Amino acid sequence: MTEKPLRLLLDFDACAQRDKGQAQAFLHRRDRKFALICEQQGVMPGPERWMAHMNHLSGPGAGTSAAEQTLRFWHRINRGFMLAGALLGLLTMLGLLFYDGGQRINVTVILAFVAFQLLLALLTTAQSLVGWQPWRRLLRRFRNNPESAISTKLQPVLMARAAQLGGLCFAFAGLATLLVMVVLQDLAFGWSTTLETDASSYYRMISAIAAPWAWLLPAAAPDAALVEATRFFRATTGEGNVDPALWGQWWPFIAMLWTTWALLPRLVLSILAGMLIRRKARHLLASHPALRALMYRMETPVLETGNEYNDASDLPGTGTRLGLQPLPDSRIVLCWAGAGDPELPDTLSTGKSLIANAGGRMTLAEDRQALEQVATQLAQNPGLPVLLVTRSWEPPTGELEDFLASARKLWPEGTKVVLVPQTNHTELEPDTPQVQQWLRFAGRAGPDFVTVSLVPTQRTAPDMEGGITE
């Protein structure tokens, strides 16, 4: 069983079960980072790519997952049904073709058995469509791992496919046995029934059954003379003056009967069972609660709250190891996520050679273009710092951290980035808690690369714990 949607569903469900033991903040950062990578590569961050990414992170030798155990279990079920079906098909056909040289092999019995096989095949498919699980208690005895909710929902279609594969092997083995017996033994066929049935009525029934192949293989469609001549009764052998060669002329009809009404339906319904499995797997994956949570985490930016404790009742930590630095003179200004709207202070806008926007509504391609413009300016003016203006009231996001990581790789070594938090009033400085969150962010990004400065205003900057100076 190698259906891609089924494996993807089981792997995703197993990964979702493992993620229940992880902190939500960790999951959010991990999945948001993956979404940004996909956006940069220009691909959609679907569950298939997410699973490939998770498998890459896990590395080789991660061990047998619950999904792999489930697939192996159903592999064993399928092989068991196929082996049992082949064996039963062989024995059944030997029983149907048993001939001791006396009474003839009754075609009516074979017709009834083929009809029964066709009915079983249709009932198996109907069972999977309505979700009936007649084998559930028996399967529990053979499972090595506990059932998950997903496995329980998949069980009707998986069991139906196992049954159809078993029926298909049954039909193949029966047909092969019939052909071998025709070669090895002189079989004598005839027809009879306890009911008062004349030869003409029986011939019409045989003609209707043989209609699918009569135009292609006329020899496999008995004519009225053969039907009339091969009828036998319980009180007599019915031989009379009938040519014994006629008794063996039924075998092409029996072979095509078995192929058309026993083997082909099983083949078609086994293929349909595989399609139902894939359809069910896609539906369960699309409606999986963990997938909705994953898509939310990938679409939502990661916010830094400043709380370094586990208790929700604790207040966010405000201590920092860094302090504000004086605003350096620079001719390069980047405005992050709409900072500087509607206008920048004169200190940040006057005499600048480059003022560019990045983040927020800007695309990754536009962010990359801004980085390259800054790199060009830095190549002409080595050692020049870059002023990165931000909105002080918005916490630092994971996108900004990724942006700075890309800048560090692209810009010349030794370049300094100066974060400049701004309020929506250019004449006011940001509040102490707002500045502290940017100082903490600079500490994580690396003080050798990122520092924090404020634009001097008419209001004196407050003294803040952690080294904020005037």
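One residue stands out among those in the range 152-164 that are more than 17 Å from Ala126 (Cβ to Cβ) and touching a residue at least 24 places away in the same chain (Cβ under 8 Å): the one that is surrounded by the most Cβ atoms within 10 Å (Cβ to Cβ), which is Leu154.
Among the residues of the range 196-211, which ones are buried (at least 16 other Cβ atoms within 10 Å of the Cβ) and more than 13 Å from Val107 (Cβ to Cβ)? Result: no residue meets the conditions. Selection of first residues in the range 110-134 that are in contact (Cβ under 8 Å) with a residue 12 or more places away in the chain and of second residues that are surrounded by fewer than 13 Cβ atoms within 10 Å (Cβ to Cβ) and not in a helix (DSSP H, G or I), restricted to Cβ pairs under 9 Å at least 6 apart or on distinct chains, gives the following pairs, ordered by first then second residue: Gln127/Pro134.
For the range 413-427, the condition holds for no residue, the condition being that it is more than 44 Å from the chain's Cα centre (by Cα), more than 30 Å from Asp31 (Cα to Cα) and of a type in the set (A, V, I, L, M, F, W, C). Of all the listed residues (Phe26, Phe116), the sole one being exposed (fewer than 15 other Cβ atoms within 10 Å of the Cβ), at pLDDT below 85 and assigned to a helix (DSSP H, G or I) is Phe26. From the set of residues in the range 172-195 that are touching a Phe, Trp or Tyr at 6+ places or on another chain (Cβ under 7 Å) and small (Gly, Ala, Ser), which is surrounded by the most Cβ atoms within 10 Å (Cβ to Cβ)? Filtering the range 172-195 for residues that are touching a Phe, Trp or Tyr at 6+ places or on another chain (Cβ under 7 Å) and small (Gly, Ala, Ser), the one surrounded by the most Cβ atoms within 10 Å (Cβ to Cβ) comes out as Gly174. For the range 337-358, the set of residues classified as closer than 27 Å to Gln40 by Cβ and either touching a helix residue (DSSP H, G or I) at 6+ places or on another chain (Cβ under 6 Å) or among the aliphatic types (A, V, I, L, M) (or both) consists of Ala337, Ala339, Leu354, Ile355, Ala356, Ala358, listed by residue number. Among the residues of the range 348-381 satisfying the criterion of being over 24 Å from Glu394 (Cα atoms) and either in contact with a Pro (Cβ under 9 Å, 6 or more places away or on another chain) or hydroxyl-bearing (Ser, Thr, Tyr) (or both), which is surrounded by the most Cβ atoms within 10 Å (Cβ to Cβ)? Filtering the range 348-381 for residues that are over 24 Å from Glu394 (Cα atoms) and either in contact with a Pro (Cβ under 9 Å, 6 or more places away or on another chain) or hydroxyl-bearing (Ser, Thr, Tyr) (or both), the one surrounded by the most Cβ atoms within 10 Å (Cβ to Cβ) comes out as Leu378.
Of all the listed residues (Gln164, Gln133), the sole one being at pLDDT 90 or above and of a type in the set (S, T, N, Q) is Gln164.
The values are calculated or read from the model by the stated rules, or taken from the named source; none is laboratory data. Keep in mind that this is a model prediction, so the values were computed, not measured. No Cβ is skipped: glycine too gets one built from the backbone with ideal geometry, and neighbour counts run over all protein chains shown.
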